[in-house]
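Structure, as structure tokens:
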Amino acid sequence: MNLFVFVLMPFAPKFKKRYEQAIKPAVRNAGMRVERVDEQSFHHQGITERIVQQIEDADILIADMTGNNPNVLYEVGYAYAKSKLCIPLTTDPKTIPFDLKDQPHIVFSGLNDLTTKLERELQLLKAEMEISFDRNDSQCWAEVAEYRIATTITSAATSIRARVKTGSELHLKDVSAQMIRIERRVKGERWKRLKLEQAIPLRWLDTDTILTDFPASATKYVNVFHVNHDENKLTIWRLTPMPAVLEAFLNCDATYRATVSVRERHTRLEIIWHRDWRTMVVRLAK
């Protein structure tokens, strides 16, 4: 899901040109979705109510502060009160209001300058996410208890998780993770890829759902593989029932490579599986 950028600015013609020729291209080049309120269709809300809602729903706000328009100042104040990530723009840093001087602004001299600087800022925000695996991290390689309702027995299991870390001020909502590719190599054979009809949704540790929210600068874990020690099968957490073709693919004495994707960031885990959890080896693929 693309990040949603909502733009706060006056509706005068010169700002419309700035929006169409500089802000829109910068946001779209960064792979994000952008709108102003005058581009939206709404019939059951007043315009102020709509703007407030969009401020709350947006991942990132861009505010053109040039001229210190009272409406824009009000909207920016509301955005900061809601702890939203806001990128202020101005052509004249001397006019920045006192209460906003400690907030970093993009100061630009023309449309091309604005496009270049804004796109760079958005790309940096989007890039500050890292997916990794560390065998020594007790959350990446976890010995867990698994309660099986049918037999009312608690058994031991090993859970293999990828670590997802963000380092920017960006608050991410409804973040999903998927296994987008899985391969295996049986000794003496070439790598074989399982054809997936669609990516396999993975569940987050903190919510045990396929979606989670990231506050600024957070670390979370997503479940990738799961092995119940009694059953001793390589499975994917909560993927029940396992598709027969996937279950058969994982039921081999082989080396597996699984590619995990989160918001266009990828990592690949390598699992050496001899159909025994005690000899299983997991590491980042080279």
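Each value in this text was obtained by applying a stated rule to the coordinates, not by laboratory testing. Quick caveat, the model's predicted, so the values are computed rather than measured. Ideal geometry is used to build each Cβ from the backbone, glycine not excepted, and the neighbour counts take in all protein chains shown.
Per-structure values
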| quantity | calculated |
| --- | --- |
| 5 angstrom amide H check on residue 8, placed H, neighbours 5+ away | 62, 63, 64 |
| Cleavage-rule hits (GluC sites (Glu not before Pro)) in region 134-216: DSSP loop, at most 11 neighbouring Cβ within 10 angstrom | 189, 197 |
| Loop trypsin sites (Lys or Arg not before Pro), region 203-269, which have at most 13 other Cβ atoms in a 10 Å radius of their Cβ (DSSP) | 238 |
| Extended-chain gain in nm, criterion 0.36 nm per residue less alpha-carbon gap, residue 2 and residue 91 | 29.2 nm |
| Label-point gap, in nm, between residue 83 and residue 38 - each point 7 angstrom along Cα→Cβ | 3.4 nm |
| The chain, helix-only ellipticity at 222 nm - DSSP H runs n ≥ 4, -39,500 (n - 2.57), divided by all residues, nearest 500 | -6000 deg cm²/dmol |
| Rounded to whole Hz, the Karplus (6.51, -1.76, 1.60) HN-Hα couplings of region 193-201, x for glycine and proline | 9, 7, 6, 9, 5, 7, 4, 8, x |
| Relative contact order, percent, region 131-284 [alpha-carbon distance under 8 Å, six or more residues apart] | 25 percent |
| Residues with amide H under 5 Å from that of residue 171, placed H, sequence gap 5 or more | 85 |
| Magnitude of the charge dipole, the chain, Cβ model with Lys/Arg +1 and Asp/Glu -1, debye to 20 | 1120 debye |
| Principal-axis tilt of helix 47-57 within the chain, Cα atoms, nearest 10 degrees | 30 degrees |
| Sites residue 171 and residue 286, calculated FRET efficiency, Cβ-Cβ separation with R0 45 Å, nearest 0.05 | 0.85 |
| Ranked packing of 100-107, 77-84, most packed first, by mean Cβ within 10 Å | 77-84, 100-107 |
| Percent RCO, i.e. relative contact order, over the chain, from Cα pairs under 8 Å lying at least 6 residues apart | 14 percent |
| Dipole magnitude of region 131-284, debye to nearest 20 (Cβ charges: Lys/Arg +1, Asp/Glu -1, about Cα centre) | 620 debye |
| At R0 = 45 Å, FRET efficiency that the Cβ-Cβ distance of residue 74 and residue 210 yields, to 0.05 | 0.75 |
| Restricting region 158-187 to trypsin sites (Lys or Arg not before Pro) in coil, as DSSP defines it, with at most 16 other Cβ within 10 Å | 187 |
| GNM top mover of 114, 194, 85 - the chain, alpha-carbon springs below 10 Å | 194 |
| Gaussian network model of the chain, springs between alpha carbon atoms under 10 Å - residue of 258, 26, 199 with greatest fluctuation | 199 |
